[in-house]
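J.: Let me give you the structure first, and then I'll get to my questions.
Derivation of every value follows stated rules applied to the coordinates shown; laboratory data play no part. Note that the structure is predicted; figures quoted are calculated from it, not measured.
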Amino acid sequence: MAETKQAERRAAKLAKEIQAFARQHGGSEGHLAHIGQAGTRIVLVGTDGGWGDLVAPTYEIARQAAEKAGLTLHEEFDGEFAAKVVTGPYEWTRMAGIQLGGPSDR
């Protein structure tokens, strides 16, 4: 029972964070992605193209948080959904640094 209450509190906290992201970005949609033992990533994409993520300890907690927040979930992070993401110079520099041996965060 204590685990259930703890999971409900975690889902409620994540839901508030999802709602805050949505308010800041004019709405949002999301995708749940398993990340192994670390849990489940809640990928958020705002109406304005802004993006971010949160990590839930389990898929079920991530799903509950998304449901509580009213987040529209996509089954896949496909091309149409990914095209909504707006990237800036930081992301391009970071990606180039990782892929081509150029500048990175190190």
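J.: Translational D (Stokes-Einstein, µm²/s) of region 1-95 at 10 °C and 1.306 mPa s when Rh comes from the Kirkwood sum over C-alpha pairs?
T.: Value of D from the Cα-based Kirkwood radius: 116 µm²/s.
J.: A further question follows. Once amide H atoms are built 1.01 Å from N in the peptide plane, which residues 5 or more positions from Gly50, or in another chain, come under 5 Å H to H?
T.: HN-HN under 5 Å from Gly50: Val86.
J.: What whole-number volume per residue, in cubic angstrom, does the convex hull of the C-alpha atoms of region 1-41 give?
T.: It is 75 Å³ per residue.
J.: Going Cα to Cα from Lys68, which aspartates and glutamates come in below 13 Å? Please leave out same-chain ones fewer than 8 positions away.
T.: List returned: Glu8, Glu17, Glu60.
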